[in-house]
Amino acid sequence: MVDYEVIVIGAGLNGLYQLHLLREAGISVRLLEAGGGVGGTWYWNRYPGARLDSESYTYGYYFSRELLDEWDWSEEFVTQPELERYYNFVADKFDLRRDIELGTEVASARWDEASDTWTLTTADGRRYISRFVISATGMLSAPQLPPYAGIETYRGEWHHTSRWPAGEVDLRGKRVGVIGTGSTGIQVIQSIAAEVDSLTVFQRTPNWATPINNHALTPDELLEIRETAMDVHAVTQATDTGFKHSSRPESAFDVSDDERLAYFEQLWNEPGMTMYVKNFRDLMVNADANRAVTDFLERKIRARVDDPEIAERLIPDHFYGMKRPPLENGYYEVYNRANVRLVSLSETPIVRFTETGIVTTESTFELDAVIFATGFDAVTGALSRIDIVGADGMTLQHWWQDGPRTFMATNVHHFPNFFILGGPQGPGGNNPRSVEGQVDWVTRCIRYLHDVGIGRIEPTAAAEEEWIEHVNSTVAPTLSAQATAWAWGSNTPGKARAYQLYAGGQVLLRRKMAESADAGYRGFVLGEAEESVA
Ligand code: NA7
């Protein structure tokens, strides 16, 4: 006997949508969430300056016309509190809370071959039995602290950005250190520089950040957003990244030098990620095209930072787009302030923490507070922190020890009836749009199994192997193949180097998923386990 037909793990944007769809389909479902509220990323990441890098109105849900009509976004790129309000509004409007258990951290999941069910156990010992499990635990949700000596001896105030306490953290007048200069570090640094007594930025790798060019949405814009919502949705469903922008069809070298520069200047002044997603089509496959962009960006950084030595330290030596490009608002000017110091860890590494600060090979920094903007055990981290045991006693940790293995990002051989949303070997980009197709597909699949009375689904080893080859073949010709980035697991000590995302894009993934389903779930064994079928 199962407690629920389906258990969804995670009340972030994908989990909430999944819960809604399954309930609409009349399937019994329960959602377990570790946090104290809904919103996932936008529940946990309360750090100063936390803000979207997708256009707000392309980030929300599209499944309800009423919701689109009732919700107004205040800015082109809104901040965390507004997003958290949005997910709470959705949870209330669609009465999702009655099927959500907050403060419920799933610690283990065990497959039982005899009954074709999963048993989930929570950190506080509660047990749930379900036919299907859908993990919506997020790509960037398992925070990482750096492994520096003495870190546990530090007695000052410290926070990881994604575990920022809900109450006000008051940094005014304090000596603050920030470790990490990814999207998060950049947002924090530019937000707190003016209010703290001193700010020391510990930078391991500089990033190519471009202006966000945010603005408050006017009533006229909101009206247009409402009227064109479904057209914009269709546009986002047709781009590889789920953003509303597409790359320019020409090569960077199909146009004159002047036209190329003018175009970069245009992108520089447009809102959002356009330098990345609206650039020439060969940005990520032609080193010279990419260098044309980085030369342009380098000049911008040098023009904005007064001290040429500091500017030099802020200029990356990797290709633009190899790491997800941060968006900024006055970030580079922060380094012109007298109270801000940039410590380049490639020149002067951290040796250890003390009770009162940080010692590098060059200096000692006395700090009242340290902010760890050091990122996540990305993409697989949240799942590998759960003890998951599938068929034949196979553990997910073991199966993924050399890198993630999935079939079409959503299913894993040896793990029947286990679905993953927004997980490894799937597309990133504008996350809700990239993952929406997976949620729709999982709903269709579970509904089908439910209707025809099939209790077990598992991808074949061959289908999984083919998908891994496809994932690798799509990233291989791109400049991303050379990246040191979380997409490759490079930021997590000891993690095998493997591409954790999918460069084929969401359109191709959705097509492949639909083709499999249309062909009676090609690539899967339905019902009996593969061995007994053969
Ligand atoms: P990121 O992008 O992983 O950035 C983490 C930053 O922390 C990055 O600059 C890292 O340098 C740095 N880092 C990580 N470990 C260390 C240690 N041990 N010492 C010093 N510095 C370190 O995470 P974010 O939270 O900024 O952004 C994640 C995503 O959220 C982002 O891509 C957007 O999609 C939104 P590194 O580059 O690894 O050398």
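The values are calculated or read from the model by the stated rules, or taken from the named source; none is laboratory data. Since the model is a prediction, treat every value here as computed from it, not as a measurement. All Cβ positions, even for glycine, are placed from backbone atoms using ideal geometry, and neighbour counts span all protein chains on display.
Remarks
- Odd one out for Glu458, checked against (1) surrounded by fewer than 23 Cβ atoms within 10 Å (Cβ to Cβ); (2) touching a His at 6+ places or on another chain (Cβ under 8 Å): (1)
- Test for Thr121: is it closer than 20 Å to Gly36 by Cα, in contact with a strand residue (DSSP E or B) (Cβ under 6 Å, 6 or more places away or on another chain) and either within 16 Å of the ligand (Cβ to nearest atom) or assigned to a loop (DSSP other than H, G, I, E, B) (or both): no
- Picking from residues in region 388-409 that are touching a helix residue (DSSP H, G or I) at 6+ places or on another chain (Cβ under 9 Å) and aliphatic (A, V, I, L, M), the one that is surrounded by the fewest Cβ atoms within 10 Å (Cβ to Cβ) is Val389.
- The set of residues in region 403-416 that are within 21 Å of the chain's Cα centre (by Cα) and either in a loop (DSSP other than H, G, I, E, B) or not aromatic (Phe, Trp, Tyr) (or both) comprises Gly403, Pro404, Arg405, Thr406, Met408, Ala409, Thr410, Asn411, Val412.
- Only one entry of Thr443, Thr484 meets the criterion of being under 30 Å from Arg291 (Cα atoms), hydroxyl-bearing (Ser, Thr, Tyr) and touching a residue at least 60 places away in the same chain (Cβ under 8 Å), and that entry is Thr484.
- Selection status of Asp53, modelled with pLDDT of 95 or more and either of a type in the set (S, T, N, Q) or more than 17 Å from the chain's Cα centre (by Cα) (or both): no
- Filter pass, Val232 being assigned by TED's automatic domain parsing to the domain that holds Thr356, outside any strand (DSSP E or B), more than 13 Å from the ligand (Cβ to nearest atom) and under 30 Å from Asp282 (Cα atoms): no
- Subset of region 436-490 (residues that are of a type in the set (Phe, Trp, Tyr) and within 16 Å of the ligand (Cβ to nearest atom)): Trp486, Trp488
- Scan of region 417-439 for residues that are surrounded by fewer than 24 Cβ atoms within 10 Å (Cβ to Cβ) and part of a loop (DSSP other than H, G, I, E, B), ordered by number: Asn417, Gly428, Gly429
- Top-ranked residue in region 140-165 [being of a type in the set (Phe, Trp, Tyr), in contact with a strand residue (DSSP E or B) (Cβ under 8 Å, 6 or more places away or on another chain) and in a loop (DSSP other than H, G, I, E, B); ranked as nearest to Gly494 (Cα to Cα)]: Tyr148
- Checklist (1) over 26 Å from the mean Cα position of the chain (by Cα); (2) within 12 Å of the ligand (Cβ to nearest atom); (3) in contact (Cβ under 8 Å) with a residue 40 or more places away in the chain applied to Ile371, failing item: (1)
- Every condition in (1) surrounded by fewer than 21 Cβ atoms within 10 Å (Cβ to Cβ); (2) under 19 Å from Gly381 (Cα atoms) holds for Val412 except the one numbered (1).
- The residues on offer are Ser346, Ser256, Ser246, and the sole one that is of a type in the set (S, T, N, Q), farther than 21 Å from Ser191 by Cα and within 14 Å of the ligand (Cβ to nearest atom) is Ser346.
- Residues that are within 9 Å of the ligand (Cβ to nearest atom), of a type in the set (A, V, I, L, M) and surrounded by fewer than 22 Cβ atoms within 10 Å (Cβ to Cβ) within region 141-198 comprise just one, Leu145.
- Of the helices (runs of 4 or more DSSP H) lying entirely inside region 458-534, those containing at least 3 residues that are under 25 Å from Ser246 (Cβ atoms) are 461-475, 506-518.
- Pairs, first in the same structural domain as Lys495 (by TED's automatic domain parsing) and modelled with pLDDT under 95 in region 390-401, second part of a loop (DSSP other than H, G, I, E, B) and surrounded by 15 or more Cβ atoms within 10 Å (Cβ to Cβ), C-beta under 7 Å, six or more apart: Asp392/His414
- Selection status of Leu21, more than 30 Å from Glu195 (Cβ to Cβ), modelled with pLDDT of 95 or more and not acidic (Asp, Glu): yes
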